[in-house]
Each structure stands twice: as C-alpha cells, then as structure tokens.
Amino acid sequence: MLLAPLARVSREVAETSARSRKISLLAGLFRTAGPLDVPVVIPYLAGRLPQGRIGIGWNALKDPPPPAGRATLTVHHVDEAFSALAAVSGPGSQAERRRLTQELLGAATGEEQRFLVGLISGEVRQGALDAVAVEALAETSGAAAGAVRRAVMLAGSLQHVAERLLAEGPRVLEEFLLTVGRPVLPMLAQSAADVAEAIGRLGACAVEEKLDGIRVQVHRDGGTVRIFTRTLDDITDRLPEVVDIAATLEGDGFVLDGEVIALDDEGRPRSFQETASRVGSRTDVATAAAAVPVSPVFFDILSLDGEDLLDLTFAERHEALAGLVPEPMRVRRIVVPGPGEGGGGGEEADPRVGEAEAFLSDTLARGHEGVVVKALDTPYSAGRRGAGWVKVKPVHTLDLVVLAAEWGHGRRTGKLSNLHLGARREDGSFVMLGKTFKGLTDTMLEWQTGRLRELALHDDGFTVTVRPELVVEIAYDGLQRSSRYPAGVTLRFARVVRFREDKRAADADTVDTVLAAHSQG
Ligand SMILES: Nc1ncnc2c1ncn2[C@@H]1O[C@H](COP(=O)(O)OP(=O)(O)OP(=O)(O)O)[C@@H](O)[C@H]1O
C-alpha cells in the first residue's frame, strides 16, 4: 500500500468534523490495506510510531529536500526507514539520523512530507480516532460495530483486533473473550460538579470513596497473579505485596479492578507522589516496598471462576466482589436507593443527597480525593467513560499536555522550568492555555528536566519544544480572558499538582471541556 492515500486520509479526517465522513474515509482506507500494512496504518493514523521514540529533533527535519513529483513510497518502506532510524546510535548518530530523515523526506511528495513531519513531531494525532476506526472496521468487514467495540475492549488493542478482523473476517471476533491474564481496558468515570448532580443523573446507586492512588487490574489464574495499569502495562514485579494478597484470596481464577495506595500507620493516604513513585520504581523493589508499602483496595470484579461478569449489573458484580474480597480490601461505600424507593422528590431536600453529602465530607476528612457515584443497574463499560460512573471531586483540576518548557533562571538554571500547557482539540491538535512553574518541587523539577529532554524537538536556548506526550495535572482558580492565547482565555493561578504518567495525551482534557466547565461555574 502506498503512503499517499494514508497521508491524504489522515489530513481529510482531521479536516472534517462530520463523523460519518470520517468513518467512510477510514473504511475506504482499510479496504485497500493489505495484512502487512494494518500494523502500521492504525498507529500512523493515531499519530504514533510503532518504533516508539526514535530521537529525531527539528534539526533533522529542517530544510527538507524538494518534494518528489510522484508518490512511490510504500507504508512498508516508511516503516523500515523508521526502524533503521531507531537503530542508529553511537558517535555521529545525529548526523546519520539527519541523513536518513532527509533521504526519506526526499522520496516523499509534498503531502507525504507534511504527514511524515507531523508524525515525527507528534502533531498528527487524531482525537477520538479509536471510536471512529471501530465503526470503519465494522463497515469494511461487515461485522456489527458493537461486536468490534467489545473485542477491542477485551483485547485492549484496536490494532490487534483490526489485524485479525481484516485478515480473517467477522467470525474471528468470537475469539476475543475476557481471558484471565490478558488485561481489559478499564471503565472510566464521567464528572459532575457536586453530589446532587451525580445522584440526580442515576437511579439507585452506590457512593464510593475515590482513592487517590494508581488504578490496577489484578488477574489470578490458579497460582499465577498478574497486575496491570490503566494503560495495560504489566507491573506485577513492582508490587510483590499485592501479588501476595491476591494469592491468599479464596477464588481460583478472577479479575479484580481497584486502586493501590500508600497509607500511613493511621490508614490515611500518603501523598500521591509517594504512591506514584513507589509504583513507578522498577529497581530494588524490595527496599522500595519496605519503605512505602502499598495496599490494594478493590471496587469491582470482572471475572470469577471462569465466568465473565462484565454484563452483570454493578449490584450483582458487587455481591460477587464481597464474596471474594474481605472488607478492609474493598472500597468504603454507602448504597443510596432510587428516587421512588427511599423518599426524596417533591420540594423538600432529597434525603438521598444529604446522606451522600455526609459520606463525601467524611471521605474528604479521611484525606481522600472525593467520591465516585455508581449506578447499581449498569454493566461494566470496559474502555469507556460510562454514564454509570460519575466522579465528584471538590478540587477541580485539569489534565493538560506539556507543549514546551523554558529554561529556568537563578536557582533553576540548567533546569527546564516554566511549562507551556495545552488542552486537546477534538481534531487531536493542542491549544496552549497558559504557562506555569508554580507547585513544582525540586524533585519534580529534576524529573521533568530529564523527561522533557527525552521528548525535546527543538531548543532555541530559551524554550524547548517537546513532543506533546507528557500529561500534567493542573489546579487553577478559573479562566480569564487573554488575547495572547489562541482560545482567547488563559488559566488563573495555574499550579502543577502532579505528573500523570498513567495517562496518554489522548486522555487529556479538551479545550471544549475547559470552556464548558468555566461557563457553568
Ligand atoms: N471507588 C472508585 N471507583 C472507581 N474509580 C476509582 C475509585 N477510587 C478511585 N478511583 C480512581 O478514579 C478514577 C476514576 O476517574 P476517571 O475514570 O475519570 O479516571 P482519571 O481520569 O484517572 O480521573 P482522576 O484524574 O480524577 O483520577 C479511576 O481511574 C481510578 O483510578
């Protein structure tokens, strides 16, 4: 398959806001993709290189040779060229990378050059591509969209399902079952401004503590335990104490969903940074575990003794959870009846809300982040922000993407300090909303300097532009008008709360969400 139609479709999908048009563009592309192309086409459309980081900065990209007059590059050839680039190392590697990059660009037409440069710099990034691609795959293969979606959730990979579906046809979808040992994309929550709004959206529900730890999916198959993160990375070796606990539970095979968190002697949460760096540390796990032990706290169960529980209601799943996991390892919760069941309605204050608000206050007093209100009658929506889960956090924060960082002065000389913060647009590009260096501790400054150097594209001696991949959680006091920023607004008193390495840029907040939250507040 030639690169030219892929570059064209990528541009056209970004340019149109009509979902049906996006689907038919992608379906047309998938129809022409051969089995060897699919493993490359899907990541390229999402703006990702299968090789990961290949260390090309702007120097290698600037002053490209004149574009080729005819499209001859194949997707396979480009993939090989990127593999060759990723393998370059040692002395003279910068010059060699530039030579290989320029050679590749010289073989590309104008449109292909723009696509390749965007791919390398992280600018080609389609927002919400997965959902559209699922429908396009259904259209191309003749499978039902729901069946493709479920297979993607269970496989945890659009690419894997696409490869098999396009090669083998719709029947292959039956093979994507929930399998203990293979992670599933976790269900995510929607947000509400307060408990009353959350409860108002749901019928009978559970109000659960929202713990500020790291999401984990714990699988046990007989004697084997595996632990996965929200992004489906296997972190089993980093959490020996959680492995031990999972091994002591009575069930033989299960998949549990929950959070791991570092607690102090009184059972209060230690700082998120302590939990995060403990879960992130791969070296000398035994010492790290002794210094900062983490506890698992489970809130859902997806499979038990060979039975897939995803389609059961939350009430039924919770019963199964309670039968397997003893209380201190289950999240604290209260159950609130539906509007017709326990009073409420009418003009007077809804007692359902009062009880939930008291639970929230108590949860905050215990040092936790907020609550997640969950409908009792809904199935587990793997990989989606399901309407059945609504989170309420009193401190509103945004997850933004670092677009660039400025070299610090004085005490911060030699460190990348002031961060340029971007919100996502639906088309996958980013809008800068402001800058901040507030809230950064010395440790964070040190860490971000190293991390941002890895992502650097260009350094003009003052500002380092980076691949837009690092997600940072920002607290702020509202928005204010500003003609200096492209959305016409900027953040007031933005300060860094923490880095969210567990999130991808595609999970960051969109500029529309930011503006909508502001207009409500
Ligand atoms: N009782 C709970 N039920 C569900 N999720 C919980 C619970 N306690 C803590 N969490 C955490 O809260 C998250 C739910 O919010 P959401 O799905 O929006 O994820 P998020 O974007 O990581 O949110 P946040 O940044 O608010 O933690 C889960 O991913 C999980 O890590």
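FYI, it's all coordinate maths here, none of it is from the lab. Keep in mind it's a predicted model, so treat the numbers as computed, not measured. FYI the Cβ positions are ideal-geometry reconstructions off the backbone, even for glycines, and counts take in every protein chain you see.
So what's the back-of-envelope 222 nm ellipticity for the chain, counting only DSSP H runs of four-plus at -39500 (n - 2.57) apiece and dividing by all residues, rounded to 500? Let's see the in-between values first.
Numbers: 18 runs with 195 residues, N = 521.
Computed ellipticity for the chain at 222 nm equals -11500 deg cm²/dmol.
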#### Entry: Cα long-axis angle, helix 314-324 against the chain (0 to 90 degrees, to the nearest 10)
80 degrees
### Query
Just going by the charge dipole of the chain, with Lys and Arg at +1 and Asp and Glu at -1 on Cβ, which of Ala147, Leu398, Leu452 is farthest out on the positive end?
Leu452
### Task
Quick one: angle between helix 511-520 and the longest Cα principal axis of the chain, in degrees between 0 and 90, rounded to 10, please.
40 degrees
### Query
³J(HN,Hα) across region 476-483 via Karplus (A = 6.51, B = -1.76, C = 1.60, θ = phi - 60°), whole Hz, x for Gly/Pro?
7, 9, x, 10, 9, 5, 7, 7
### Task
Work out how far the C-alpha atoms of region 188-392 reach from end to end along every principal axis, then list the three figures in whole Å, largest first.
60, 37, 27
### Query
Got the relative contact order for region 353-432 handy, in percent, Cα pairs under 8 Å and 6 or more residues apart?
18 percent
### Query
Using the Cβ atoms and a cut-off under 13 Å, what net charge is assigned to the surroundings of Val9, where Lys and Arg are +1 and Asp and Glu are -1?
0
### Task
Taking the Cα centre of the chain as origin, sum charge times position over the Cβ atoms of Lys and Arg (+1) and Asp and Glu (-1), and report the length of that vector in debye to the nearest 20.
2140 debye
### Message
Using Cα-Cα distances under 8 Å and only pairs 6 or more residues apart, what relative contact order does region 155-307 have, in percent?
### Response
22 percent
### Message
What does the net charge come to around Ala60 if you take all other residues with beta carbon closer than 15 Å to its beta carbon, with K and R at +1 and D and E at -1?
### Response
+2
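What Kirkwood hydrodynamic radius, in Å, does the chain give when the mean of 1/r is taken over all pairs of distinct Cα atoms and then inverted?
Values: mean 1/r = 0.0400 Å⁻¹.
It works out to 25.0 Å.
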### Query
If we sort 273-284, 496-507 on the protection proxy, mean other Cβ atoms within 10 Å, highest first, what's the order?
496-507, 273-284
### Degrees between helix 158-168 axis and first principal axis of the chain (Cα, 0 to 90, nearest 10)
70 degrees
### Query
In percent, what relative contact order does the chain have, based on Cα pairs under 8 Å that are 6 or more apart in sequence?
14 percent
### Task
Eight or more residues apart or on different chains, and alpha-carbon atoms under 30 Å: count the Lys pairs in the chain matching that.
23
### Query
For Val38, what is the net charge nearby, where nearby means another residue's Cβ is under 13 Å from its Cβ and Lys, Arg count +1, Asp, Glu -1?
-2
